[in-house]
Amino acid sequence: MRRAILHIGTEKTGSTAIQAWLDQADGALAEASYRYCVTAGRPNNTRLSAYARDPQIIDDVRMRQGLRTPADVVAFRNTFARALAREVETHAGKTIIFSSEHCHSRLTTIEEVQALHDLLQPLFDQVQVVVYLRRQDRVATSLYSTALRAGQTRASVLNPDQINTIFYDYDALLRRWSAVFGRETLTVRLFDRDARHDFSVVQDFADLLGVVAVEPTARPNESLSRERQEFLRHMNAFIPLFVDGRPNPARGALQRYVKGGGQGRRPARADAQ
């Protein structure tokens with residue numbers, strides 16, 4: 001049976017840590033007859049959302065793939081589909097693992113999820129969809145640091161464009177993916193680090209695979225302190241993420257030093273409710 005495991009996030013539930021482990025665990029995965037997909041991009045399989053999202057939308061993920069127009073997206077889709085089919089055929093007999101939280105945050109319509117399904121359906125007899133859920137106010141808090149890393153300048157912790165939207169609607173998320181892939185394919189897990197300090201999403205995901213995980217020593221996407229958040233917010237106003245549609249090289253070296261530092265800002269209770 002040709003089988004795949006598709007980890008779709010959600011955002012801010014340790015997806016980067018899972019991907020960092022998968023990216024360096026080729027040996028252990030191969031021994032257990034798994035392969036972490038290369039064609040979809042590593043460590044994060046962002047080409048999945050670049051493929052499946054509405055072709056009229058040119059977002060930062062597509063820009064990083066060099067896609068500037070809907071015509072570019074159509075050409076990319078054809079090239080990517082052929083390359084993915086070759087990888088799956090080359091590694092027949094192994095379960096292919098995919099992981100990208102952008103499947104949660106970027107594929108927000110039935111049509112977009114269907115596009116991803118239609119890509120995978122000819123290649124696999126079974127696709128297991130794995131999703132982690134986290135309390136939404138804590139997701140919003142964590143997303144603020146991510147937004148600043150992505151070049152945003154807003155002072156509000158909560159993104160006004162995402163409040164009361166489909167981004168935080170887990171019921172809609174599960175219904176959307178169930179409708180396309182089938183309810184029986186979904187494995188729903190609780191991201192429990194907020195309640196249990198010993199919780200490891202990497203260990204939890206590895207347990208699902210039946211593989212022993214050796215976690216990376218560096219912790220990715222550490223929370224920014226309030227001071228670092230403010231520095232990055234003001235820096236973004238003067239050093240944008242993209243220049244002429246291309247990543248700004250002036251940001252790279254500087255942004256690598258703006259990380260960690262502890263607990264950042266939190267939304268007011270009234271706003272979170």
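The values are calculated or read from the model by the stated rules, or taken from the named source; none is laboratory data. It should be emphasised that the depicted structure is a prediction, and the values quoted were computed from it without experimental measurement. All Cβ positions, glycine included, derive from the backbone under ideal geometry; neighbour counts span all protein chains shown.
Side notes on the structure shown:
- Filter result for Glu11 (under 30 Å from Gly151 (Cβ atoms) and at pLDDT below 95): yes
- Tally, over region 21-62, of residues that are basic (Lys, Arg) and without any contact (Cβ under 8 Å) to a residue 40 or more places away in the chain: 3
- Residue check, Glu111 under 14 Å from Ile5 (Cα atoms), modelled with pLDDT of 95 or more, more than 16 Å from the chain's Cα centre (by Cα) and of a type in the set (Asp, Glu): no
- Scope region 204-229; condition modelled with pLDDT of 90 or more, surrounded by fewer than 16 Cβ atoms within 10 Å (Cβ to Cβ) and part of a helix (DSSP H, G or I); matching residues: Asp207, Leu208
- Selection over region 33-81 of residues that are hydrophobic (A, V, I, L, M, F, W, C) and touching a strand residue (DSSP E or B) at 6+ places or on another chain (Cβ under 7 Å) gives a count of 4.
- With respect to the conditions (1) modelled with pLDDT under 95; (2) in a helix (DSSP H, G or I), His117 lacks only one, and its number is (1).
- Which listed residue, of Arg189, Arg176, is surrounded by 15 or more Cβ atoms within 10 Å (Cβ to Cβ), at pLDDT 95 or above and part of a helix (DSSP H, G or I): Arg176
- Count of residues meeting criterion [of a type outside the set (Val, Ile, Thr), under 12 Å from Lys12 (Cα atoms) and surrounded by 17 or more Cβ atoms within 10 Å (Cβ to Cβ)] in region 109-135: 3
- Of all residues making up region 125-155, the number that are assigned to a loop (DSSP other than H, G, I, E, B), under 17 Å from the mean Cα position of the chain (by Cα) and of a type outside the set (D, E, K, R): 1
- Of all residues in region 155-173, those that are among the charged types (D, E, K, R) and either loosely packed, with under 13 Cβ neighbours inside 10 Å or at pLDDT below 85 (or both) total 2.
- Number of the condition not met by Pro122 [criteria: (1) part of a loop (DSSP other than H, G, I, E, B); (2) under 20 Å from Arg2 (Cβ atoms); (3) touching a residue at least 40 places away in the same chain (Cβ under 8 Å)]: (3)
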